[in-house]
1. How far apart, in nm, are the 7 Å Cα→Cβ label points at Ser353 and Ala96?
2. Using a simple spin-label model with points 7 Å from Cα along the Cα→Cβ vector, what separation in nm is obtained for Phe253 and Cys306?
3. For Ser401, what residues show an amide H to amide H distance below 5 Å, using hydrogens built from the backbone and excluding near sequence neighbours?
4. Please give the peptides 31-43, 78-90, 323-335 ranked by average Cβ packing (other Cβ atoms within 10 Å per residue), highest first, as a rough proxy for protection.
5. Extension gain Asp50-Arg78, at 0.36 nm per residue separation less the Cα-Cα distance, in nm?
6. For a Förster distance of 51 Å, can you work out the FRET efficiency between the beta-carbons of Ile179 and Arg328, rounded to the nearest 0.05?
7. From the backbone phi of segment 178-193, what are the Karplus-calculated ³J(HN,Hα) couplings (6.51 cos²θ - 1.76 cosθ + 1.60, θ = phi - 60°) in whole Hz, Gly and Pro given as x?
8. Would you mind getting me the FRET efficiency between Phe166 and Leu391? Use the beta-carbon distance for r and R0 = 22 Å, nearest 0.05.
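What follows is calculated from the coordinates using simple rules that are stated; it is not laboratory data. No experiment lies behind these values; they were computed from the predicted model shown. Backbone-built Cβ (ideal geometry, glycine too); neighbour counts: all protein chains shown.
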Amino acid sequence: MSASTPNNPIASNEEGDGVAEPIFAAPEDEPPRLVLRNLPFDQSRNIIQDEHNHGTTKIGRLIRHDFFHVLLQLSTWRLMLLMLFIWTFLVLFFAAMYVAANRGHGTGVCNLGLPGEPLYYYSAFAFSLQTQQATGYGLPNSSNAFFEDCPALIATVYFQMTSSLFFNAFLIGVIISRISNSANRSVQCMFSKKAIVSMIGGQLRFQFRVFDLDSRHPVVEARVKLFAVTKDRPVPRPLRTLQPNDELGGMLFLSLPQVVSHHIDSYSLLHPPVSRDPALTDEHHGPIYHHNNHGLVLRQADSATCSRKEVICSICGATHSTHERWARHVEYMQMMERQEDFPTEGTHLSISSQEVNVDRYQPMQNMAVLESHYLDNISEVICVVEGIDPLTSGTFTALYSYRATDIVWDDGAMFSPCLRVEKDLFRVDLNRFHGITIKPKGRLQQLSLRLHDSFFRETEAEQGKPIAIPDRIAEEEDE
């Protein structure tokens, strides 16, 4: 059986091509964040920190097919200055056209200038400005408003009015799109400053908390996705979510604080690579484990609930969802084969008790090993929350990330309760939203993990220092 695992990514041009061709020159120092924390309360502006280096000429040929959305990505003041420049250019351009049209028909024909004098540019500018805005004419020298003797001037007025019509429509579209842009709506999606890795129901889980500040208007179709960025190959790769279940779309109700959980199982990128003893995985011994996922992102929780077969018996080929069920199968078959005096070779009797040992195939639950693996191999975990703003019906995306220093590693870590009932309403206590509680051996130790401004306060536990159980509590537990 091949020992390749999903935790050993190959740096190649495409997923699963198996060609060991490097696509990334790893920096000597720690890779930078893809998602910066550059807003108050350590939140993010939801901008990915990457750039391209193909040159403006090649990219310009491509983005000209989508110039409208490129314009919308400009900052508001730059966009307004650009629109003002285009509008002023049109006025100046057609002012020059009026000067040329009046000069081409001789002095006094179009009657745009003073009697016996040519049309000066500043007068043409005023005429162009009136035409651009369609404010009505105060024509000089009692000239005919229909310009029967000056067809070139009529054509110029026509083209200016047409260009003004299209420009006004474009300007209104840009302003409406800019005002109703829902991208900034993501700022109100608040993520917990710290993530936690803790033991829940026998599973080590990576967890963080998220909440929508505009809770009175629930976000429509809110969903969450997780991606891990490794240091040797900084291409975000998906992590499966356990709560909410990603098979159901990873739906969230952001009007109340939600905890998102990822099970660090043997398939997770946050889990150290799974190694198998070759003596236990040949064609006559031990189970065939599906840790070669063939490019798929799997979850062991699906096997535990019988949604997927994970183990194949190397003797009879029977498939089982978990190793425990395979071990029971082997125990039963060995009992039957002994009664029938089956030979040892090629039967279930050839499987030793060491191979059936369930503990050999369980996911790693050593917190120190997991933290070390994260420090050495994972750059950051990117959290993506998507939803639709109910007021403008626009889609937005909120981004956040957690590095090793942003994670509390403790078996008993949990988020502090921040939701309480007051008379006839629910109230979210943002003073406790970022709080983390450590539960050492049945006793609660409250840690004030809060932000450093006037709304939150930061403690030593947040500044990357190890979180330890006080000696007094440890002595009481030893007793």
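1. Roughly 9.6 nm, to one decimal.
2. A separation of 3.0 nm, rounded to one decimal place.
3. Placed amide hydrogens put Cys383 under 5 Å from Ser401.
4. Ranking the peptides 31-43, 78-90, 323-335 by packing returns 323-335, 31-43, 78-90.
5. Answer, rounded to one decimal: 7.9 nm.
6. According to the calculation, E is roughly 0.20.
7. For segment 178-193, the Karplus-derived couplings read 5, 5, 8, 4, 8, 4, 6, 4, 5, 4, 7, 7, 9, 9, 5, 4 Hz, x marking Gly and Pro.
8. 0.15
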